[in-house]
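Values in this text are rule-based calculations from the coordinates and carry no lab data. Model, not experiment: these values are computed from the prediction. Cβ atoms come from the backbone with ideal geometry, glycine included; neighbour counts cover every protein chain shown.
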Amino acid sequence: MNNTMKYSFFFAVLLFVMELFVLFRLPLASDTFLQKTTEWTLEGIVNRLKTSPLNQEVADDPNGFLHTYLPVFEQLKKYDISHLPMSEKRIIAHLFNNLGTANIRLMQYEQAISYLELAVGIEPQNAFAHRNLGYALKEVGKVNKNRVYLLKAIEEYKKVIALEKKDSDLYKRVSRVIYKIQNVYLPSIE
């Protein structure tokens, strides 16, 4: 094998490995939250989350978002956040809401429900988390023909209406969803 062939083979292997990193979202040293977070302390995690564009990351790449932030979630489970100020709890609730949103985008509704329940547990006034939770519950209820999930979805949507009284467009949209659950999905189960 001459030198040209050796270099060609080396570069072909290198390109293949790089494609694997992109295809399977394997962590690159410069690309992950883990590398950017110097400490896995509660303070370190919250400070890092304050500067993260969570919404944009979910919208751009829900798989990549989950790959990046699930380890953060696992670390957060180790801490008692009850002593944190509400401003920092909101940041954590925002992460959980976005983990739920990413799972909704990937049609993993039951997993989404678990994250969204955490989000509304931390921040009960978060209308977005209640709306997302209602949506995930509705989808599981529709697919599994499960009355309990559909009734819980209605409860969540009613919370959205109560929290966002002044938003007439949101009220109309959510009211239509509640109507559809009550008059289409629930009757189809009975």
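Tabulated data
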{"item": "Pair ASN55, ASP167: separation of 7 Å Cα→Cβ label points (nm)", "result": "1.0 nm"}
{"item": "Estimated FRET transfer efficiency when R0 is 35 angstrom, pair TYR179-LEU70 (beta carbons, to 0.05)", "result": "0.45"}
{"item": "Given LYS78/LYS145; LYS78/LYS172; LYS50/LYS142; LYS78/LYS166; LYS50/LYS145; LYS89/LYS152, the pairs whose alpha carbons are separated by over 32 Å", "result": "LYS78/LYS145; LYS78/LYS172; LYS50/LYS142; LYS78/LYS166; LYS50/LYS145"}
{"item": "Highest average packing first - 63-70, 124-131, Cβ atoms within 10 Å", "result": "124-131, 63-70"}
{"item": "Largest-first ellipsoid semi-axes for the stretch 68-190, taking √(5λ) over the Cα gyration tensor eigenvalues, angstrom", "result": "27, 17, 11"}
